[in-house]
Structures are given as C-alpha cells and as structure tokens.
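A.B. asks: Structure in structure tokens, see below.
The values are calculated or read from the model by the stated rules, or taken from the named source; none is laboratory data. Bear in mind that the values here come from a model prediction, so they are computed numbers and not experimental data. Methodologically, a virtual Cβ is constructed for each residue, glycine included, from the backbone with ideal geometry; neighbour enumeration extends over all protein chains shown.
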Amino acid sequence: MAKEKDSKETKKSDYGSSSIQVLEGLDPVRKRPGMYIGSTGPDGLHHLIWEIFDNSRDEAMGGYCDHIEVALLPGNRIRVVDNGRGIPTDIHPKTKVSALETIMTTLHAGGKFGGEDSGYKVSGGLHGVGASVVNALSVHTKVIVHRDGGKFEQEYTIGKPKAKVKKVGASSYRGTIVIFEPDIEIFKTIEFTWNRIVKHLREQAYLVKNVRITTIDARGYDKKIDTDSAIYLKDLGLQVPSQSFYFEGGIISMVAHYNRDHKPVQKNIFYVEKQYEDVNVEIALQYIDDMVTNIVPFANNIYNPEGGMHITGFKTALTRTINTYNKKNNIMKEAEGGFTGDDVLEGLTAVVSVKLPEIQFEGQTKAKLGSPEARGAVESVFGEAFSEFLEENPDDAKTIIQKMVLALRARKAAKAAKDSILRKGALEGFTLPGKLADCQSKSAEESELFIVEGDSAGGTAKQGRDRRTQAILPLRGKILNVEKSRIDKMLASQEIKNFVIALGTSISDTFDLSKIRYHKVVIATDADVDGSHIRTLLLTLIFRYFKPIIDAGYIYIAQPPLYKIQQGKKVFYTYTEDEKNQVLKDLGIHDEDISEGEEEAPEEGEEIKAKKVPGVKIQRYKGLGEMNAEELWETTMDPTKRILKQVTIEDAQEADKIFDILMGSDVPSRKAFIQSNAKMANIDA
Ligand code: 0RA
C-alpha cells in the first residue's frame, strides 16, 4: 500500500458515507444466489473474486489506487488488497452504523450506487451488486481498512457482522483488504482455477492501464501467513506461483498481444479514447495479414462474447469510413461497388471498450450489450477518429485498403462459384447421393441421419439400423483437405456435398431449415484421430453454414460404449471407466483378479484390447467398425438404449476454433497446438 497522500483526499471530498443508499438486507442473496452471481457452479464461484476485485478496480479507475493484489490462500480463502482510499468507516447518518458495515451487509449499497456525485459510476448491472453479495455467500469474511491514520476491521459470518467496526491500531497506509471464504453449503465444491484467475486479471490489467495487478497462489503454502498485517503478499517472497501485470499501453498493448505472432499490414496501431455524452469509448485496432477477424468487446470492463450495440456501431462506422476514404482518395477503383461489412473485417484485430453509467445487457447473461446509446457513441467517436487516422497515415491506409481489395475479389469469386453450383441445382436434393442409405419415413421429425466413417462401418450400420427411421451416410476418411472455408472450396468436396444434399436444407442464401430431412443428425465417427478430425470438420462446417440446425437442437454426437464385458451369457456395455469398474465390482471381480496383457493378440489394424480375468471377457472398443451389426444397434443406435450427446453452439464454436488452428494460416498456433496435443493426438470436440 502507498503512503497516504493528501492530494488524493481532496479530489472528491463530498464522497463520504452520506452518498451511500440503503436498500435491503441479504436474505434474498442466500435464497437465490444465481440471481446475483449467475450460478453456484465454477462460474459463480469465480464471480465472487471478480466482484471484490471490481471494487478495487473501480478505485483504480477513479485514479485513487495503483496496485491491486488477488491472493488465493489455504482453506479456500481469497484475499484482495488495494491501496485506494479505504472503505469509509465513519457512522452513516441514516443507518447509524458504519459505512463499512452498510456496504458489507446491505444489498445494492456502496458508493458506486449512490447519486450523481458518487464515485466512478461503473457497475456490471444485474450482477455488479458488490461486496455484500460475496459476504452473504461466504462463511467468513474479514475487512481491514487503513484510513485516516488508523487500522479498522470488521468480521462477518454468512454476511452478519460478528461485532461493530473496531479500530485496532494506528496506520500510515491507505487501502482496503478483503478476505473471504465462500460457503461450501452454497457452492458444493470450491475449486478455484489459477489459470482462469490469471487470464481474467491480465485482461483487466489491459483494460485499466497504469495499474499493477498482482496475483499469487498461496494455497499450497504450508507455513502460517500473517494475512492481517501483511499488505501485498507478493512482497513476502513466498515460494509460490505468482504473476504481475502492468500495461502502460492499455488496450493498445492488448491488440499488440493478440497480433504478436502475425504480420501486421499497418505500422501504427489505431487508438482512440473519448467521451461522447454519457458514454466513454475506447478502441484500438490493427489489421494483420490473415483472414480471421478478432473483435474483442467490453462494456464496463465486462467481456461481451456476443457483442452488442457497441459492436454494431463499430462495424457500421468502420465500413462507412473505409468506403468514404476510398472514394475520396481513389485508392482502388475496383472497389467502386463498395466494400461490404465482411470485406473490411478480414484480418482485423480490434478491442472495443465502452463505459456507461446505466448499462443494459440483452438476455440473462452479460454476453451482449443492449444499451442503445453505446451504438451512436461508438459510431460517432470511432468514425471521426478513424477517418483522421487514415488521413494522417496514408501509408497505413493504403496497405489496409489493398488488403480489403483482396477480400473483395475473393468474395466476388466465391459468390460466382457458389452461384454456379447452386444454379446447377446440385444442392437442391433432387438426386440424393448414391452413398446415402435413406430411411423409409418421409417425416423429418422421426427421421435420423447417422454419419459414419468409411464404407465398412457404413455397411455394418446399414445392417444394424431400423431402416424405417434411420438413414446412413458413410463419409470417406480423408475429407480434411478443405482449405480455409471459402464456401466454393467447401462445396468442391464431394463428401461435403453429399452431406449437404442429404440434409436437404441447401446452403447460404438458399438455406431453409424447414426443408431439413432429419431432426436428428448423429455424427458417429470413431474414437481415434481420424474420427475426431472428421467430427471437427463436420462441426465446423455446420457451425459456419448451418448454425440454425444447431440452434434447433438437431445435431448429436453418438456415444458408443467403451467396453463390452461378458461373463457366460451375460453381456454388459459400459460407457465410462467408472461404469466399467462398477460392473466388474458387481460381478465380484476385484482389481487383483485382473492381469495386464492382451487376451488375444490383436490382428493387424485391429484395436481390440482385452484384459485377462478368468471367466470374464473385457473388450475395449476403439471404433464402431469393431462392432457387428447387432452390437452397433444395441449400443449406439437403438433409441431405447443408446446415449446421444446433443451438440451445443459452444461445442461447435470450440470445434471451429480447433479447425481454424489446424487448417488456418496461423502457423505458430498450429505448431503449438500440434506440439501440445501430440501425445493425445485426439482432438475431442
Ligand atoms: C465507498 C466510498 C469510498 C470508497 C469506497 C467505497 C471504497 C470501496 C472499496 C472496496 C474495495 N476497495 C475499496 N476502496 C474504496 C470513498 C471514500 C472517500 O471519499 O475517501
């Protein structure tokens, strides 16, 4: 903590305890924790840290604090320290208790929620309700405040003060220390993820420049740590993991970090920070020599994976500014038709961060910013500043626009190719592919399409299926040779064309979900490298071109069993390692009965592994091809017995990312990915 400085005090003298509004007690938080922290799973658990950290971060954004430390302590405790003004400890006129107590025990209370003259007004909306929520969900909380020459403290048990705020000594420091232990009754399992905390805090350090953010993982430290008197634990020199972040450049550093392994097409990173009415807009961007777009949106320092109003405004202004500049300077006549939104996004890395007093998100999560005023503010601030940037950096403007011309040409070529494919009616489904063994039913609702790997698995599945409702489409193994996803290139692959025709929906402009021929599309590839490649490719294709099918819940992944266990006439299929062990136990078989080694030497190319147990045969399946038709039906296709995993957008997104790494032009990432996955060689989507 820093020594107390007078200059900090005078900055907001009216910001004492009187601006704190009082709302209600904490019972609702314990009754419905999900309402306040999103969930009581790992997300909610980590949210507690962000919530306490946010208060310190807001102090930093107000210019009152420049070092924050988040420590993981033994016994599931978290400790957050800052060198800000310290939570006021004087008596609140309305409640007659100290401001500290009010902030810690009253819902929605805190300087940040006060009136016009309260501190930096940034809260995360619904979930930004602060320290009292964390207090309510913790078995034990302690706050230590250094302020006004004294050291004060108060402790709480599930949100209730154990005693009044006490002055426990003198102090020449300023700042706040909060230590809390989440309540196991609420969270069931308490497991903090170090990497997740590091990632979040690094992101925050970019967003709040010139603030040092330290984190330290002292969970495994076996001697006592004096968490009451120590200030920053990092200074104690404990031999435990720690990280420290400080970025002078803020989001400029963030863009540079994202682009670190890429060739930039512009020399100078664009940057603007400006207030527009109530909205603060901060944007940094740089184009790289690649096709991918990476726009990273934040609203009040909360990441918005689905974008929202700020991103809409950003894209509008970007397209308009580029087209205006190009027209005026006539860099590329070819672009007379104008660049589309897609043309100007290729190869763009941008961080768009807005801050606004009354924030609204769309839907239940904070994934998408809803506040309409953010749109106009970004459009105006960014449009003006980016236009200026282009004028002032004509070399950068030229290389950026040249890159966009490439995108425009590729787009036009792809459209021509696609149009010709579509015109030929190749996808209209008049002629179903010969490889498809269709089902008899014409009702999509009851029909299922199984996509299997290779003709041999296709043959088995054809014999094993219920031909009335189940169709089989075998795909040839090596279909991965699809270049980066221009639609014409995708459709040049016969295997993919077969899949699209079998679906019946067509693709792109002519896509029509209502024409889908199966309400269950089941990807049933093997559990080996090739199998996961094909699965990844299919999920990527579906994610990029058939997202509504995922949204409709029609895409599934088959879950064939891992083991077949046979004892005499009894047969058990088990789908997990645990299940297998349970079955063996039920059969009265113990570990010592199982000897290592193959029961029968596997033939070449065959992957049956067996363990020796007298009288019992344990067979491990590696692929569907190892099963006969009856087994395949019983374990994987029979609707009354099989397990299907419904694919979510997140699964598909993940596959898309992996696909990008495997197939994309980002060579360093691909190398890193392949190296780090070489052992497993199993890209599970
Ligand atoms: C209310 C008013 C003031 C500061 C704070 C809250 C405050 C809260 C937290 C939580 C963690 N660290 C914090 N630092 C400050 C302003 C007090 C003043 O005017 O001096």
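A.B. asks: Among the residues of the range 187-206, is there at least one that is over 29 Å from the mean Cα position of the chain (by Cα) and surrounded by 18 or more Cβ atoms within 10 Å (Cβ to Cβ)? Before the answer, list the steps.
C.D. replies: Of all residues in the range 187-206, those over 29 Å from the mean Cα position of the chain (by Cα) come to none.
The answer is no; no qualifying residue exists.
A.B. asks: Same structure again: Within the range 144-167, how many residues are under 20 Å from I184 (Cα atoms) and assigned to a strand (DSSP E or B)?
C.D. replies: 5
A.B. asks: Here is a follow-up. Is it fair to say G588 is part of a loop (DSSP other than H, G, I, E, B) and farther than 30 Å from A444 by Cβ?
C.D. replies: Yes, satisfied.
A.B. asks: Hey, does the range 109-121 have a residue that's among the aliphatic types (A, V, I, L, M), in contact with a helix residue (DSSP H, G or I) (Cβ under 9 Å, 6 or more places away or on another chain) and either at pLDDT 95 or above or within 12 Å of the ligand (Cβ to nearest atom) (or both)?
C.D. replies: Scanning the range 109-121, I find at least one residue that is among the aliphatic types (A, V, I, L, M), in contact with a helix residue (DSSP H, G or I) (Cβ under 9 Å, 6 or more places away or on another chain) and either at pLDDT 95 or above or within 12 Å of the ligand (Cβ to nearest atom) (or both), so the answer is yes.
A.B. asks: Condition check: more than 10 Å from the ligand (Cβ to nearest atom) and either touching a Gly at 6+ places or on another chain (Cβ under 7 Å) or among the small types (G, A, S) (or both). Does G86 satisfy that?
C.D. replies: On the way: more than 10 Å from the ligand (Cβ to nearest atom): no; either touching a Gly at 6+ places or on another chain (Cβ under 7 Å) or among the small types (G, A, S) (or both): yes.
So G86 does not fit the description; no.
A.B. asks: If you check S443, S506, S447, which single one turns out to be at pLDDT 80 or above, of a type in the set (G, A, S), more than 18 Å from K418 (Cβ to Cβ) and within 34 Å of the chain's Cα centre (by Cα)?
C.D. replies: S447
A.B. asks: Residue by residue through the range 168-184, note down the ones that are touching a residue at least 60 places away in the same chain (Cβ under 8 Å) and under 15 Å from I87 (Cβ atoms).
C.D. replies: Residues satisfying the conditions are Y173, R174, G175, T176, I177, V178, I179, F180.
A.B. asks: Please work out which one of (1) without any contact (Cβ under 8 Å) to a residue 40 or more places away in the chain; (2) over 32 Å from the mean Cα position of the chain (by Cα) is the condition L390 fails and give its number.
C.D. replies: Result: L390 passes all but (1).
A.B. asks: Follow-up question, since we're still on this one. Show the residue pairs that are 6+ apart or on different chains and have beta-carbon atoms under 6 Å apart, the first residue being within the range 66-86 and in a loop (DSSP other than H, G, I, E, B), the second being charged (D, E, K, R) and modelled with pLDDT of 95 or more.
C.D. replies: If the second residue must be charged (D, E, K, R) and modelled with pLDDT of 95 or more, the pairs left are P74/R219; N76/E181; G86/R147; G86/R174.
A.B. asks: Can you work out which of the residues in the range 57-69 that are surrounded by 24 or more Cβ atoms within 10 Å (Cβ to Cβ) and either among the polar types (S, T, N, Q) or closer than 22 Å to R219 by Cα (or both) is nearest to the ligand (Cβ to nearest atom)?
C.D. replies: Ranking the qualifying residues of the range 57-69, first place goes to I68.
A.B. asks: Here are A230, A205, A218: which of them is modelled with pLDDT under 95 and of a type outside the set (V, I, T)?
C.D. replies: Going through A230, A205, A218 in turn, the sole match is A230.
A.B. asks: P548 fails exactly one of the following numbered conditions: (1) surrounded by fewer than 20 Cβ atoms within 10 Å (Cβ to Cβ); (2) more than 21 Å from the chain's Cα centre (by Cα); (3) without any contact (Cβ under 8 Å) to a residue 40 or more places away in the chain. What is the number of that condition?
C.D. replies: The number of the failed condition is (2).
A.B. asks: Return yes when S17 is modelled with pLDDT under 90, surrounded by 13 or more Cβ atoms within 10 Å (Cβ to Cβ) and within 11 Å of the ligand (Cβ to nearest atom) and no when it is not.
C.D. replies: Details: modelled with pLDDT under 90: yes; surrounded by 13 or more Cβ atoms within 10 Å (Cβ to Cβ): yes; within 11 Å of the ligand (Cβ to nearest atom): yes.
Yes.
A.B. asks: Can you find a residue in the range 227-239 that is within 14 Å of the ligand (Cβ to nearest atom) and part of a loop (DSSP other than H, G, I, E, B)? Before the answer, list the steps.
C.D. replies: Keep residues of the range 227-239 that are within 14 Å of the ligand (Cβ to nearest atom), which gives 231.
Right, trim to part of a loop (DSSP other than H, G, I, E, B) and you get 231.
Yes - at least one qualifying residue is present in the range 227-239.
A.B. asks: For the condition assigned to a helix (DSSP H, G or I), of a type in the set (S, T, N, Q) and either under 21 Å from I190 (Cβ atoms) or modelled with pLDDT of 95 or more (or both), what is the one hit in N135, N55?
C.D. replies: On inspection, the qualifying residue turns out to be N135.
A.B. asks: Right, next: Do you know which residues across the range 324-337 are surrounded by 14 or more Cβ atoms within 10 Å (Cβ to Cβ) and at pLDDT below 95? Give the steps one after another, and end with the answer.
C.D. replies: In the first step, residues of the range 324-337 are kept if they are surrounded by 14 or more Cβ atoms within 10 Å (Cβ to Cβ); the result is 325-326, 329, 331-332, 335.
Passing the criteria: N326, N329, I331, M332, A335.
A.B. asks: For I295, are the conditions met, namely being surrounded by fewer than 20 Cβ atoms within 10 Å (Cβ to Cβ) and either of a type in the set (A, V, I, L, M) or not in a strand (DSSP E or B) (or both)?
C.D. replies: On the way: surrounded by fewer than 20 Cβ atoms within 10 Å (Cβ to Cβ): yes; either of a type in the set (A, V, I, L, M) or not in a strand (DSSP E or B) (or both): yes.
Yes: the conditions hold for I295.
A.B. asks: So, A610, is that one at pLDDT below 85 and surrounded by 11 or more Cβ atoms within 10 Å (Cβ to Cβ) or not?
C.D. replies: So A610 passes the test.
A.B. asks: Restricting to the range 173-194, and then to whatever is among the β-branched types (V, I, T) and not in a helix (DSSP H, G or I), can you tell me which residue is farthest from the ligand (Cβ to nearest atom)?
C.D. replies: Checked the range 173-194; the qualifying residue farthest from the ligand (Cβ to nearest atom) is T189.
A.B. asks: Considering only the range 503-553, state which residues are charged (D, E, K, R) and out of contact with any Asp or Glu (no Cβ under 6 Å at 6 or more places or on another chain).
C.D. replies: Residues satisfying the conditions are D509, D512, K515, R517, D528, D530, R535, R544, K547, D551.
A.B. asks: Within the range 240-268, take every residue that is among the β-branched types (V, I, T) and in a helix (DSSP H, G or I) and give me the one that is nearest to E388 (Cα to Cα).
C.D. replies: Selected residue: I252.
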